Amino acid sequence: MTDLIKTVSLLQELIISRVLDKLEQGSDEAFIQLRNELIKINNLKPYLPTLVKNSRSLDQANDYLKNTFNGYEECKQHIYDDFNELFDVLESLDTTPLDHLVMNKIEGLSSDYIHQIWGKALACENLVLALRAYGFDSCMMEGFDEPLVRKLLNLNDQQYPVMVIGAGERAEDGVFFPQYRFDRELFIQKV
């Protein structure tokens, strides 16, 4: 959570510095980048400062503050007040920065979905065994560019590639590096 707190602190200080005329126009890119980071986190949207939600650039935030409040101290106090709830929420959470992403994914999974994926993975395993029985080698690849594979296969939102399997005839020089075999007793224990 400290990374998010740092991001929010930077954004707050950036706005305060602009209102106090300590920054030049070039700081707008930093504002946009920090703002976009926070807006992407769905769980934080209700707590985002109104100033951040409604201002798409540092200039917009600056104009709003200078036209709404009389003097720097009022602007500065409003910024602190506007960010206060977000800081309270971030400081009270006992999570890691990626927890929100993981939880959003997990919430979208059902036991039926997991069962279907498991069944597809077993089918892939059977395909690999059948390929080997017919004299072909194969390689199951789980770490692939899912959006690209979905696009190439023209899959809809309800269809998911489980894995990619490379298959072909074994080449005599197919192993490029020496293979190491460890003693089985290191890994297998009879109970």
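Looking only at region 31-50, residues that are farther than 12 Å from Leu86 by Cα and either modelled with pLDDT of 85 or more or crowded, with 16+ Cβ neighbours inside 10 Å (or both) come to 10 in all. Selection of first residues in region 1-20 that are under 19 Å from Ser55 (Cα atoms) and of second residues that are in a helix (DSSP H, G or I) and polar (S, T, N, Q), restricted to Cβ pairs under 8 Å at least 6 apart or on distinct chains, gives the following pairs, ordered by first then second residue: Leu14/Ser27; Ile15/Asn62; Ser17/Ser27; Arg18/Ser27; Arg18/Asn62; Val19/Asn62.
Applying the set (1) within 32 Å of the chain's Cα centre (by Cα); (2) of a type outside the set (Phe, Trp, Tyr); (3) surrounded by 14 or more Cβ atoms within 10 Å (Cβ to Cβ); (4) not assigned by TED's automatic domain parsing to the domain that holds Ile16 to Asp137 leaves exactly one unmet item: (1). Is it fair to say Leu90 is under 22 Å from the mean Cα position of the chain (by Cα) and either surrounded by 13 or more Cβ atoms within 10 Å (Cβ to Cβ) or within 24 Å of Lys40 (Cβ to Cβ) (or both)? Criteria met by Leu90.
Looking at region 52-63, can you tell me whether even one residue there is loosely packed, with under 14 Cβ neighbours inside 10 Å and either out of contact with any helix residue (DSSP H, G or I) (no Cβ under 9 Å at 6 or more places or on another chain) or in contact (Cβ under 8 Å) with a residue 60 or more places away in the chain (or both)? Yes - at least one qualifying residue is present in region 52-63. Candidates Ala130, Ala121: the one that is at pLDDT 85 or above, surrounded by 13 or more Cβ atoms within 10 Å (Cβ to Cβ) and over 30 Å from Lys6 (Cβ atoms) is Ala121. Within region 134-191, how many residues turn out to be more than 24 Å from Trp118 (Cβ to Cβ) and part of a loop (DSSP other than H, G, I, E, B)? Here the count works out to 22. Checking each residue of region 110-121 against the condition of being within 30 Å of Tyr47 (Cβ to Cβ), of a type in the set (S, T, N, Q) and in contact (Cβ under 8 Å) with a residue 60 or more places away in the chain gives no match.
Just one of the listed residues (Asp28, Asp99) is closer than 30 Å to Gln159 by Cβ, surrounded by 13 or more Cβ atoms within 10 Å (Cβ to Cβ), of a type in the set (D, E, K, R) and modelled with pLDDT under 85, and it is Asp99.
The values are calculated or read from the model by the stated rules, or taken from the named source; none is laboratory data. Predicted, not measured: the structure shown is a model, and the values here were computed from it. Please note: Cβ atoms are built from the backbone with ideal geometry, for glycine as well, and neighbour counts cover all protein chains shown.
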